[in-house]
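Below you'll find the structure, written out as structure tokens, and then a few comments.
The values are calculated or read from the model by the stated rules, or taken from the named source; none is laboratory data. All figures in this text were calculated on a predicted structure; none of them were measured in a lab. Counting neighbours? That spans all protein chains shown, and the Cβs are built from the backbone with ideal geometry, glycine included. Accessible surface areas use protein heavy atoms only, side chains included; no ligands, DNA or RNA. Shrake-Rupley method; radii C 1.70, N 1.55, O 1.52, S 1.80 Å.
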Amino acid sequence: EPLERVTLAAGEALPGDRAYAVAHGNSAFDPAKPEWERCGNFLRVANIPALARPTITYDPDSRILALYDDGPSVTFDLSTGEGREALASWMGKAAGTILPGPHTVAEVPGVSLTDARNQCPSIMSLASLRDLSEMVGAPLDPRRFRGNLWIDGDDLEPWAELSWLGRTVDIGDVVFEVVKPIERCLATAADPETGKRSDNPLPALKARGDDPLFGVLANVRETGIVRVGDPVRIDP
């Protein structure tokens, strides 16, 4: 969901980013003792590419999630048990027999259920995306990579962000420290327009190195606001 501005807090992920997940029948997630679990415990695009197709909007105040997928929108009130059960049922139908149920909505208050335990926003480069698209031979939709912050600029070299580990990056009012690159999985092969796998970027990413890396995780060191169009400054 595109944002014009967002307030980021020190040591935390982007607000609302993967605040919920849907656990499958073999998940280690324990709702009686909710804590971060690895992404394999939840339904995800890597296994179910059709989940890349729907678009959503989410209101954190009302906790209403609206889902759009080839028809009228469907809404789920995630403040209620009924709304959570309805969302889990919808996701379970999309999963089919790939990851069987029972399916339940998982939430860990104050924790983003991202692929990495680090509570960090991700930073990704449109220059790198353009270069990767040329390698793949097709324009790749940025949504394949589920990035929090996309940066661009005339002087931004492709893949430069992978050399920023340990360095600080200022974006708007926020100071980040780049902590690790992001190793990509088969989720990036899912086309968000069709919900099918096509133009898989993993072989091209692996051709650049031993691991298929794209984007970086960056810890928020100083709280502040990031706005669309803010300058990006890299600590030399």
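The table below gives the values:
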quantity: Listed candidates [x] 0.96; [y] 0.93; [z] 0.99 - label of the one calculated as Rg/Rh (Cα atoms, Kirkwood Rh); calculated: [x]
quantity: Farthest positive-ward along segment 86-221 dipole, Cα basis, beta-carbon charges - from 126, 200, 163; calculated: 200
quantity: Segment 1-70: trypsin sites (Lys or Arg not before Pro) in DSSP loop, at most 13 other beta carbons within 10 Å; calculated: 38
quantity: Nearest-ten-degree value, helix 81-95 long axis tilted from longest Cα axis of the chain; calculated: 70
quantity: Gap separating the Cα centres of segment 170-202 and segment 1-72, nearest whole Å; calculated: 15
quantity: 1.4 Å probe accessible area per residue over segment 133-236, in Å²; calculated: 51
quantity: On Cα atoms only, tilt of 126-136 relative to the major axis of the chain in degrees; calculated: 80
quantity: Net dipole in debye of segment 125-190 [+1 Lys, Arg Cβ; -1 Asp, Glu Cβ; about Cα centre; nearest 20]; calculated: 440
quantity: Segments 127-138, 215-226 sorted - mean Cβ within 10 Å per residue, highest first; calculated: 215-226, 127-138
quantity: Qualifying lysines (Cα of each under 27 Å from Cα of residue 33; at least 8 residues distant if same chain); calculated: 93
quantity: Counting DSSP beta bridges with both ends in the chain, the antiparallel % (nearest 5); calculated: 90
quantity: Within the chain: Cβ-based charge dipole about Cα centre, in debye rounded to nearest 20 (Lys, Arg +1; Asp, Glu -1); calculated: 680
quantity: Rounded, prolate or oblate (a/c below 1.5 giving rounded, otherwise prolate when a/b exceeds b/c) for segment 1-91 by Cα gyration tensor; calculated: rounded
quantity: Fraction of accessible area attributable to carbon and sulfur, segment 118-234 (%, probe 1.4 Å); calculated: 47
quantity: Value of [θ]222 nm, deg cm²/dmol, for the chain, DSSP H segments ≥ 4, -39500 (n - 2.57) each, nearest 500; calculated: -4000 deg cm²/dmol
